[in-house]
Amino acid sequence: MKCPACNNLDSRVLDSRPVEDGLSIRRRRECPSCGKRFTTYEVVETVTIAVVKRDGRREFFDAHKLMLGIERACQKRPVDPLEIAKDIENELQNDLISEITSQDIGEMVLARLKEIDIVSYIRFASVYREFRDIDSFMEEIKSLNKRGRKKATKTAEVEKND
């Protein structure tokens, strides 16, 4: 780290400690050339994620906006929308994705909701997949019932073989 007093490119770390938010580290440094002490902060660099909407527009990813959409589907259900939104944001950051479609994000939400709460899944799917009538709902529910029966049959077979 460059010394702010003499521009020496070398400095020695005297002390490191996390900042209260837990998202950065405060370091006390000393320049070996002039002896000046100074403080630096180290933070994790995040990737700016662009979301490509259905109409081709691009927006910056907004975890709060995602959480609000999930929250509507999970109203009065035992689901934590913040946890799902943070999980998706972390996955995108960890995969270093700089651009993603809104459809892909919607599918990520649906996959998580399907595992957690089927009612929230149906609510979110009804808006995300733009169900137009009762037949659209029924098709989705029938496909979930088929998967549920297959899963239950496999579980019963495994228990029977044990």
For this session: Determine the pairs where a residue that is within 15 Å of Arg72 (Cα to Cα), located within region 117-136, has a partner that is open to solvent by less than 30 Å² (accessible area, probe 1.4 Å) and outside any helix (DSSP H, G or I) with Cβ atoms under 6 Å apart, the partner being 6 or more residues away or on another chain.
Result: Asp117/Val79; Ser120/Cys74; Ser120/Val79
Problem set entry | Conditions (1) open to solvent by 90 Å² or more (accessible area, probe 1.4 Å); (2) in contact (Cβ under 8 Å) with a residue 40 or more places away in the chain; number of the one not met by Thr101 | (1)
For this session: Within region 1-52, track down each residue that is closer than 23 Å to Gln93 by Cα and of a type in the set (Asp, Glu).
Result: Glu20, Asp21, Glu42, Glu45
For this session: Name the single residue, out of those in region 26-75 being among the small types (Gly, Ala, Ser) and out of contact with any Asp or Glu (no Cβ under 8 Å at 6 or more places or on another chain), that is farthest from Leu110 (Cα to Cα).
Result: Gly35
Seminar exercise, completed: If we ask which residues in region 80-95 are open to solvent by less than 40 Å² (accessible area, probe 1.4 Å) and without any contact (Cβ under 8 Å) to a residue 40 or more places away in the chain, their number turns out to be 4
For this session: Output yes when any residue across region 92-103 is among the charged types (D, E, K, R) and in a helix (DSSP H, G or I), and no when none is.
Result: no
For this session: Would you mention how many residues in region 129-145 are over 21 Å from Ile116 (Cα atoms) and in contact with a Phe, Trp or Tyr (Cβ under 7 Å, 6 or more places away or on another chain)?
Result: 1
Exercise. What number of residues within region 1-33 satisfy the criterion of being in contact with a Ser or Thr (Cβ under 7 Å, 6 or more places away or on another chain), closer than 21 Å to Glu45 by Cβ and in a loop (DSSP other than H, G, I, E, B)?
Worked result: 1
For this session: Could you list all residues from region 77-91 that are within 20 Å of Val52 (Cβ to Cβ) and either of a type in the set (Val, Ile, Thr) or not in a helix (DSSP H, G or I) (or both)?
Result: Ile88
For this session: Would you tally the residues in region 34-52 being out of contact with any Ser or Thr (no Cβ under 7 Å at 6 or more places or on another chain) and either surrounded by 14 or more Cβ atoms within 10 Å (Cβ to Cβ) or not in a loop (DSSP other than H, G, I, E, B) (or both)?
Result: 5
Problem set entry | Which listed residue is among the basic types (Lys, Arg), modelled with pLDDT of 90 or more, on the phi > 0 side of the Ramachandran plot and out of contact with any Pro (no Cβ under 7 Å at 6 or more places or on another chain), from Lys86, Lys76 | Lys76
Exercise. In region 53-79, what count of residues is obtained for those that are surrounded by 15 or more Cβ atoms within 10 Å (Cβ to Cβ) and without any contact (Cβ under 8 Å) to a residue 24 or more places away in the chain?
Worked result: 2
Seminar exercise, completed: Residue hits (region 99-134; touching a Leu at 6+ places or on another chain (Cβ under 7 Å) and more than 16 Å from Lys53 (Cβ to Cβ)) are Ile118, Ser120, Tyr121, Phe124, Ala125
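The values are calculated or read from the model by the stated rules, or taken from the named source; none is laboratory data. It should be emphasised that the depicted structure is a prediction, and the values quoted were computed from it without experimental measurement. Positions of Cβ are generated from backbone atoms using ideal geometry, with glycine treated the same way; all protein chains shown enter the neighbour counts. To get the accessible areas, we keep the full protein, side chains included, count just its heavy atoms, and leave off ligands, DNA and RNA. Shrake-Rupley method; radii C 1.70, N 1.55, O 1.52, S 1.80 Å.
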